[in-house]
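Below is one structure; the comments refer to it alone.
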Amino acid sequence: MHAIYPGSFDPVTMGHIDIILRAAAQFDELTVAVLINHNKKGLFTIEERLDLLRESLKEYPEIKIESFSGLLIDYAAKKGEPVILRGLRAISDFENEMQLALANKNSNRNIETLFMVSNPKYSFLSSSLIREIAAFQGDVSNLVPPAVEKALRLKYKEGL
Ligand code: ADP
């Protein structure tokens, strides 16, 4: 079975990596898909996010890393209707995720959304929290892959 794991990944965190590696062990094929959102200027460009994912997952060349724009459900249809995988950290994620999953199901009933529960070690973690800590030169070394830590340091040294 093929799964796609979509998200902003701005930047990828250890919470994402944990889900990715656990999913890679469950599915025959896994594609990590970075959403190109023209309305939201992120900290990292799409190319930088892809590079950070590639670098952080370089020991797992079987995991595919791509970007997509437009509706997730259209991208998934083009990819042959894989399962959509999302991570759940807390009850607070649930309402939004349920809404997204139901909207996607309404658009294409062949495509299932599956949820994987976060590792408790990382259940407090989000990309926005990482960006905030890093903006004040806080230590994020055990929360993100080494390539991301380095990239954050450079980004904030440059003054964005
Ligand atoms: P989005 O902007 O689409 O929520 P994110 O990059 O923030 O994209 O997250 C992508 C996916 O990873 C989502 O399903 C999100 O719930 C999940 N996720 C984010 N952080 C964690 C974490 N710390 N542990 C487990 N899953 C997470």
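Quick note: the coordinates plus some simple rules give every number you see, no bench work behind them. Worth saying up front: this structure is predicted, and the values here are computed from it rather than measured. All Cβ positions, even for glycine, are placed from backbone atoms using ideal geometry, and neighbour counts span all protein chains on display.
General remarks:
- Cβ-based charge dipole, segment 2-158, positive-most Cα from 135, 94, 11: 135
- DSSP-assigned coil residues among GluC sites (Glu not before Pro) in segment 59-152, each with at most 11 further Cβ atoms within 10 Å: 59, 62
- Only Lys, Arg, Asp and Glu carry charge here, each on its Cβ (+1 for the first two, -1 for the last two); on that basis the chain has a dipole of about 220 debye about its Cα centre.
- Trypsin sites (Lys or Arg not before Pro) lying in DSSP loop within segment 25-73, provided at most 11 other Cβ fall within 10 Å: 40, 41, 58
- Taking chymotrypsin sites (Phe, Trp or Tyr not before Pro) in DSSP loop conformation with at most 15 other Cβ atoms inside 10 Å as exposed sites, the chain has its longest uninterrupted site-free stretch at 1-123.
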